Amino acid sequence: MIKALCQWARSSVSIICLTACVATPPQEIGAGDTSYPKLSLEGRPWQMRGKATVTWETAAQNLAFHWAHENALTDIVRLSGPTGIGGITVVRRDNIVTWNDGKGPHPFETLSVNSTFGSILTEVPLNEIAGTLLGQPAVSNSWSSEVITWQVLAGFRVPRIIEWSLREARARVIITSLEVLGDDST
């Protein structure tokens with residue numbers, strides 16, 4: 001019985017490892033490749049997932065994000081630990097931004113900037129951050145955004161790796177998935 005169970009476990013692990021090895025890697029493309037369209041903030045709604053490493057002075061923080069861009073006026077951003085546990089949700093509806101840590105919505109101004117990611121999140125408008133996730137340059141001179149590599153996800157040209165900087169805060173963002181939703185007019 002134990003021998004059969006060990007053989008089953010070994011076979012299961014082998015199958016899982018082989019399945020993981022055949023996962024399709026993202027299709028990376030060159031910066032000048034315009035054969036795939038870019039998304040815009042005014043276009044169709046989209047959802048993006050990724051992860052980031054943020055450093056601020058001597059502190060570092062790893063996080064995962066799920067960004068839902070419903071339209072030009074609405075973004076819902078879920079930030080959590082790298083395994084998806086804990087975190088906050090930030091909601092932008094036009095010029096009103098709130099955050100929720102599971103205890104109800106709070107005015108965005110009350111978000112603590114003591115966190116590593118807090119300085120970027122509280123000083124850069126969410127619609128500008130969303131634009132850089134699609135490959136647009138930073139609008140203001142107070143921070144910078146540089147696309148390191150590009151990829152094709154859901155048929156669109158989007159950044160794979162982005163580096164943000166705002167004074168002593170730095171973030172390396174990796175976009176892992178993109179889902180483009182129905183028409184924005186519905």
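The values are calculated or read from the model by the stated rules, or taken from the named source; none is laboratory data. In this text the structure is predicted, and so the values were computed from the model without any measurement. Because the Cβ atoms are built from the backbone with ideal geometry, glycine has one as well, and the counts that use them run over all protein chains shown.
Condition test on Ala64, is it part of a strand (DSSP E or B), in contact with a Ser or Thr (Cβ under 6 Å, 6 or more places away or on another chain) and modelled with pLDDT of 90 or more?
Taking the combined requirement at face value, the residue satisfies it.
Can you tell me which residue in region 81-99 is modelled with the highest pLDDT, limited to those that are in contact with a strand residue (DSSP E or B) (Cβ under 7 Å, 6 or more places away or on another chain) and either part of a loop (DSSP other than H, G, I, E, B) or surrounded by fewer than 16 Cβ atoms within 10 Å (Cβ to Cβ) (or both)?
Arg93
Looking only at region 42-60, count how many residues are outside any strand (DSSP E or B) and surrounded by 15 or more Cβ atoms within 10 Å (Cβ to Cβ).
Residues in region 42-60 being outside any strand (DSSP E or B) and surrounded by 15 or more Cβ atoms within 10 Å (Cβ to Cβ): 3 in total.
With on the phi > 0 side of the Ramachandran plot, modelled with pLDDT under 90 and not β-branched (Val, Ile, Thr) as the only criterion, which of Gly135, Gly102 stands out?
The unique qualifying residue is Gly102.
List pairs: first residue in region 87-103 and touching a residue at least 24 places away in the same chain (Cβ under 8 Å), second residue assigned to a strand (DSSP E or B) anywhere in the structure, Cβ distance under 6 angstrom, at least six positions apart or on different chains.
Going by the 6 Å Cβ cut-off, the qualifying pairs are Gly87/Leu79; Gly87/Ser80; Val90/Val77; Val90/Trp99; Arg92/Asp75.
Please determine, by comparing only the residues of region 155-186 that are without any contact (Cβ under 8 Å) to a residue 40 or more places away in the chain and aliphatic (A, V, I, L, M), which one is surrounded by the fewest Cβ atoms within 10 Å (Cβ to Cβ).
The extreme case among them is Ile161.
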